[in-house]
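The block underneath contains the structure these notes are about, expressed in structure tokens.
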């Protein structure tokens, strides 16, 4: 049975008001490098490969002033910032620091849902420490993280996950933003749609063509319009633009996959161009895998042709993929098996799945699109 707009409105009396904090470390990988090497402090730093097909995994705020961003090809980053200093990733160190940060979270609440090494949702509705305020808890978490790791974190506090995540990005770096009950819809109305979790560059471009630039523009469209133009994203957009997000913080939530995809400006079909693009996607997706701490056994290649038909091919191994080299080998084998292509493609994606701890349960209602559908920010 198809849901109506009325069905998407929550029963607020039944739900009650939650107190959710989203904590996001500031330029985490780059900040760890600057912490551990004082000579780097105040300088533009990028973590990632500096040559060939290298990709920026993280950029310091000094580098971001020049337009350097994560997932950007390193060659482009150097063009933007000739004095950029590269450091190779040290994921063992980042994971160790992440464990310290996780311990801080667990001091205040058992309800912690990690998203990656450097961010997590916390539900502090049950005030186990008797602190009396979610805002104060967020302040104490940030203070304690800084005291124990020497790093800064930004936090968002609100009554649901969507708003808390939006808020954590509002006053970065080293900032705090609170969106109180009753303020969500107005706060979202003023935001550019690109700030919405789940709306990538291509989605924002499509919305712009439809005259949708802000949350207010999006809220003015009815559910039928959203379903016609945005398909499975429609119900999610309809809710969050009204400040509604029914998802719970789940400490034991299993990630289904980690990946990304790229939509091309022009359709491509030659083997050389496809292989070159695949190398960039391998670099970026493996960084995401490392960042999330995920370990999986199945690599999936997705190809969308210029007539919008889609082809997916997967390869599984008996134990979790060991490293980027093995991940890349499996991805290349999947692509080579499809060449030559019957027609040009407009999109290519990679993902790893069959993750450790995946119980095979259904995706939680109301979530943004799964990882394989996330646009790579090339």
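The values are calculated or read from the model by the stated rules, or taken from the named source; none is laboratory data. Predicted, not measured: the structure shown is a model, and the values here were computed from it. Here Cβ is always computed from backbone atoms with ideal geometry, including for glycine, and neighbour counts include all displayed protein chains.
Quick notes on this one:
- Residues in segment 185-213 that are under 10 Å from residue 241 (Cα atoms), buried (at least 18 other Cβ atoms within 10 Å of the Cβ) and in contact with a strand residue (DSSP E or B) (Cβ under 7 Å, 6 or more places away or on another chain): 193 alone.
- Qualifying helices (runs of 4 or more DSSP H) (wholly inside segment 74-160; at least 1 residues being in contact with a strand residue (DSSP E or B) (Cβ under 8 Å, 6 or more places away or on another chain) and farther than 16 Å from residue 47 by Cβ): 91-108, 134-149
- Index of the failed condition, residue 79 passing every other in (1) crowded, with 18+ Cβ neighbours inside 10 Å; (2) closer than 30 Å to residue 262 by Cα: (1)
- Some residue of segment 303-312 being surrounded by 13 or more Cβ atoms within 10 Å (Cβ to Cβ), touching a helix residue (DSSP H, G or I) at 6+ places or on another chain (Cβ under 6 Å) and not in a loop (DSSP other than H, G, I, E, B): no
- Hey, residue 64 outside the structural domain of residue 128 (by TED's automatic domain parsing) and under 22 Å from the mean Cα position of the chain (by Cα) or not: yes
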